[in-house]
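Taken together, the values in this text are just the output of simple stated rules run on the coordinates, not laboratory data. No experiment lies behind these values; they were computed from the predicted model shown. Cβ placement follows ideal geometry from the backbone for every residue including glycine, while neighbour counts extend to all protein chains displayed.
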Amino acid sequence: AEALSWVGHFPPGSLYGRLCQLLALTTGDRDPLATAGLLAESLSVTTRHQLLAIVHARTRWVTGVAPASG
């Protein structure tokens, strides 16, 4: 729980989602409501970051900006 509070303000999507999933696994059946909340948080963060990536890619495509090669 302490690790989650450290990254909770500006979480990298993959790290925050993974921490929520791991905390949900450790909480398990002891607190089903907290487990459901952590899994919902993980899903919402992942979905939001995927949506932002899609919108950014489409915006770049519409404006004709070529993606950076790496």
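For region 8-63, what relative contact order do you get, as a whole percent, if you take Cα pairs closer than 8 Å and at least 6 residues apart?
Relative contact order of region 8-63: 34 percent.
Rounded to the nearest 0.05, what FRET efficiency do residue 56 and residue 21 give with R0 = 22 Å and r taken as the Cβ-Cβ distance? Could you check? The computed FRET efficiency comes out at 0.35. Does region 8-63 classify as rounded, prolate or oblate by the C-alpha gyration tensor (a ≥ b ≥ c root eigenvalues; a/c under 1.5 gives rounded; else a/b over b/c gives prolate, otherwise oblate)? In terms of gyration-tensor shape, prolate. Across region 25-42, coupling constants 3J(HN,Hα) worked out from phi with the 6.51/-1.76/1.60 Karplus curve, θ = phi - 60°, read 5, 6, 6, x, 7, 5, 9, x, 5, 5, 4, 5, x, 5, 5, 5, 4, 4 Hz, and Gly and Pro carry x. At full extension, residue 36 and residue 3 could sit 10.0 nm farther apart than now, given 0.36 nm per residue minus the alpha carbon distance.
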